[in-house]
Amino acid sequence: MAFVVSRQRKIFYDLDGSRGPYLLLYPSLWMDLKSWEEAGYLDVLQQEYRVLRMDPLGQGRSDDSDDISDYLPEARIQDLCCLLTALELDNVHFLGIGEGARVGYLLSAREPHRLRSMAVLNGHPYIPEEYEKKTWQQYLDWVKAQDWDKLRREPVLKELSDCQWDRIQKVKGSNRVAALQAEIQWPGVDQDLPPAPSAPGMLFTGTREPSFMKMREAGRNCVYWRYHIFPQLEYRKGLLDSEILLPAYLDFVRRQRWVPRNYEGG
C-alpha cells in the first residue's frame with residue numbers, strides 16, 4: 001500500500017492488475033479500500049483492468065480530520081485529483097458507491113477530462129433531501145453515542161463482517177462526526193453538470209432504493225448518461241452483491257471506446 005500527500009495529509013491507495021485501462025473504485029463513507037476485495041470485486045475486475053482503490057480522508061489508513069470543510073466537495077475533489085496527478089492518470093473509468101457516487105458526479109462536473117466513463121450506485125448529484133438529512137443526523141447521533149448496535153441494523157450496513165465493524169469503530173469519533181456533518185451540508189453539483197457530460201455514465205439503482213427517483217432524474221437529464229434498474233438489490237459486506245452489479249457494470253464499461261482528444265496513453 002502506497003500513499004500520496006494532499007493538503008498535508010496522507011491518502012493511501014492500492015493499485016492491482018497488470019493490464020487494461022485504469023479503473024478507480026471510490027467507496028462509501030463507511031468503507032475502506034479493503035472492502036472491495038472482501039466483497040469479491042477486486043478478483044473479478046483486476047482480470048481486465050488496472051484497479052486503483054483509495055482510502056479517502058478519514059477512512060482506512062488515510063489520515064483523519066475533525067474539520068467539516070475537509071469533507072466537503074472542494075476538499076474531496078482536491079484529494080482525488082492529487083492522487084490521479086501523482087499517478088499521471090487522466091483517463092480512468094470510475095465506479096463509486098454512496099459518498100463515492102457524489103464524488104463521481106463532482107469529478108464529472110469539475111474535472112471531466114479525467115474520466116473515461118463514470119458509473120455510480122446509491123447516490124444522486126442533488127442537494128440532499130430532508131429524509132436523507134434526517135438519516136445522516138440519526139447516524140451522527142448513534143456515532144456520538146457509540147450505539148453501534150442500532151447503526152449495524154441499517155440495511156446497507158447490516159451485512160458488514162465483524163472485521164469491517166472493527167475497522168469502522170477504530171475511526172476517531174470526532175473524525176466520523178465531521179464527515180457525517182459534511183454529508184448533511186453537501187451542496188449538490190447538479191447546477192455544475194453540463195447537459196452533455198464529456199464521458200458516458202451509468203447510474204445503477206433499484207425501485208426500492210431511497211435515491212431511485214433522483215438517480216433516474218439525473219440519468220434522464222444528461223446526454224450520454226443512462227440508468228440501470230435492478231429488480232432487487234442485495235448487499236454483501238457493505239457493497240452491492242458483486243454477482244448482481246458486476247455483470248451489468250462490465251457490460252457497460254466494456255462498450256466504452258471514448259478517449260479524450262488530449263489522451264496520450266495509459
Pairs needed: first member in segment 138-164, over 19 Å from GLY123 (Cα atoms); second member anywhere, part of a loop (DSSP other than H, G, I, E, B) and among the acidic types (Asp, Glu); C-beta distance under 6 Å; at least 6 residues apart or different chains. none
Do you know which of the residues in segment 226-248 that are among the charged types (D, E, K, R) and outside any strand (DSSP E or B) is modelled with the lowest pLDDT? LYS237
Of all residues in segment 206-240, how many are closer than 17 Å to HIS124 by Cβ and either buried (at least 20 other Cβ atoms within 10 Å of the Cβ) or not aromatic (Phe, Trp, Tyr) (or both)? 22
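Suppose we keep only residues that are touching a residue at least 60 places away in the same chain (Cβ under 8 Å) and hydrophobic (A, V, I, L, M, F, W, C) within segment 19-35. Which one would you say is surrounded by the fewest Cβ atoms within 10 Å (Cβ to Cβ)?
Quick first cut of segment 19-35, residues touching a residue at least 60 places away in the same chain (Cβ under 8 Å) only: 21-32, 34-35.
Adding the requirement that they be hydrophobic (A, V, I, L, M, F, W, C) leaves 23-25, 29-31.
Details: LEU23: 24, LEU24: 29, LEU25: 25, LEU29: 21, TRP30: 23, MET31: 30.
Of everything passing the filter in segment 19-35, LEU29 is surrounded by the fewest Cβ atoms within 10 Å (Cβ to Cβ).
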Anything in segment 124-164 that is among the β-branched types (Val, Ile, Thr) and within 21 Å of GLY40 (Cβ to Cβ)? List them, or say none. VAL156
I'm checking my understanding of the structure. Among residues of segment 7-18 that are in contact (Cβ under 8 Å) with a residue 40 or more places away in the chain and of a type outside the set (D, E, K, R), which one is surrounded by the most Cβ atoms within 10 Å (Cβ to Cβ)? ILE11
Working carefully through the options VAL44, VAL4, find the one that is in contact (Cβ under 8 Å) with a residue 24 or more places away in the chain, in contact with a helix residue (DSSP H, G or I) (Cβ under 6 Å, 6 or more places away or on another chain), more than 24 Å from ALA199 (Cα to Cα) and surrounded by fewer than 24 Cβ atoms within 10 Å (Cβ to Cβ). VAL4
If you scan segment 171-182, which residues turn out to be at pLDDT below 95 and either surrounded by fewer than 16 Cβ atoms within 10 Å (Cβ to Cβ) or farther than 15 Å from TRP142 by Cα (or both)? LYS172, GLY173, SER174
Would you confirm whether or not segment 253-263 contains a residue that is without any contact (Cβ under 8 Å) to a residue 60 or more places away in the chain, closer than 30 Å to GLY20 by Cα, touching a Gly at 6+ places or on another chain (Cβ under 8 Å) and among the basic types (Lys, Arg)? no
Which of (1) at pLDDT 90 or above; (2) out of contact with any helix residue (DSSP H, G or I) (no Cβ under 8 Å at 6 or more places or on another chain); (3) within 17 Å of GLY104 (Cβ to Cβ); (4) not aromatic (Phe, Trp, Tyr) does LEU203 not meet, given it meets every other one? (2)
Quick one: is LEU89 in contact with a Leu (Cβ under 8 Å, 6 or more places away or on another chain), touching a residue at least 60 places away in the same chain (Cβ under 8 Å) and within 20 Å of PHE12 (Cα to Cα)? yes
Complete set of residues in segment 192-214 that are in a helix (DSSP H, G or I) and touching a Pro at 6+ places or on another chain (Cβ under 9 Å): ASP192, LYS214
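The values are calculated or read from the model by the stated rules, or taken from the named source; none is laboratory data. None of these values were measured; they are calculated from a predicted model. Using ideal geometry, Cβ is built from the backbone for each residue, glycine included, and neighbour counts are taken over all protein chains shown.
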